[in-house]
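Inspection log for the structure reproduced underneath, given as structure tokens.
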Amino acid sequence: MRSKIKVVNSGIIKLQHFGDHPDGVLTIGESNKSVPFDIKRIYYINKLGNQKAVRGKHAHKKLEQIIFCINGSFKLKLDDGRKKQTLKLKNPYLGIRLGPMLWHEMTDFSKDCVILVLADDYYKENDYIRNYQDFLKRINK
Ligand code: T46
């Protein structure tokens, strides 16, 4: 699975899940176990009705995150400044690591898409790099 990821500072995080129950699937993530950091913040995005929306379009300087699609599907574009790849997220127990200095964009949301993100720090606007040319300059420093 990990070999599918070509960019640096990323990877696939697989959570424990119990899918054999007739009344639903239970998925579990634990800090410093399946989730490789202390979770300080979670956020989720729903009501993604505008299928032309583009979210993300930034990188983080230090933040570690894992992004999941816990319902529906969307496309995640990853760019480490050298390699780029696009993944389709649709499996609730497979998350993608969004490590530092990884430009990411989310597109092609299904109407029922729900995105869940686990982060290792509180929201800090000064951790964002929102300009792609700035991102490339920092990578090539
Ligand atoms: C990321 C991707 C995957 C806050 O005030 N606190 C928060 O914890 C977050 C996440 C956002 N905000 C504010 C900042 C903006 O004024 O909410 C507004 C929308 O945020 P943004 O345009 O950054 O949303 P996305 O969906 O483009 O990006 C989000 C995260 O911000 C980002 O860290 O990696 O999801």
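The values are calculated or read from the model by the stated rules, or taken from the named source; none is laboratory data. These figures come from a predicted structure and were not determined experimentally. With ideal geometry, Cβ positions are generated from the backbone for all residues, glycine too; neighbour counts draw on all protein chains shown. The accessibility values were calculated without ligands, DNA or RNA, using every heavy atom of the protein model including side chains. Shrake-Rupley method; radii C 1.70, N 1.55, O 1.52, S 1.80 Å.
Residue under question is Asn71, and the condition is that it be touching a Cys at 6+ places or on another chain (Cβ under 8 Å), more than 19 Å from Ser31 (Cα to Cα), more than 11 Å from the ligand (Cβ to nearest atom) and open to solvent by less than 70 Å² (accessible area, probe 1.4 Å); does it hold?
The answer is no for Asn71.
For Asn32, state whether it is surrounded by 12 or more Cβ atoms within 10 Å (Cβ to Cβ) and over 14 Å from Gly11 (Cα atoms).
no
I'd like the full set of residues that are open to solvent by less than 30 Å² (accessible area, probe 1.4 Å), part of a loop (DSSP other than H, G, I, E, B) and either free of Cβ contacts under 8 Å to residues at least 40 places away in the same chain or closer than 22 Å to Asp79 by Cβ (or both), limited to region 35-65.
The answer is Leu48, Ala53, Leu63.
Give me the residue from region 90-106 that is in a strand (DSSP E or B) and within 11 Å of the ligand (Cβ to nearest atom) and, out of that set, surrounded by the most Cβ atoms within 10 Å (Cβ to Cβ).
Leu98
How many of the residues in region 111-131 are touching a residue at least 60 places away in the same chain (Cβ under 8 Å) and open to solvent by less than 80 Å² (accessible area, probe 1.4 Å)?
12
Considering Lys137, Lys77, Lys84, which residue is free of Cβ contacts under 8 Å to residues at least 24 places away in the same chain and either within 13 Å of the chain's Cα centre (by Cα) or more than 12 Å from the ligand (Cβ to nearest atom) (or both)?
Lys137
What's the number of the only condition in (1) within 29 Å of Ile139 (Cβ to Cβ); (2) out of contact with any Pro (no Cβ under 7 Å at 6 or more places or on another chain); (3) in contact (Cβ under 8 Å) with a residue 12 or more places away in the chain that Phe68 fails to meet?
Unmet for Phe68, out of (1) within 29 Å of Ile139 (Cβ to Cβ); (2) out of contact with any Pro (no Cβ under 7 Å at 6 or more places or on another chain); (3) in contact (Cβ under 8 Å) with a residue 12 or more places away in the chain: (2).
Just give me the residues in region 109-129 being in a strand (DSSP E or B), under 13 Å from Tyr43 (Cβ atoms) and not hydrophobic (A, V, I, L, M, F, W, C), in sequence order.
none
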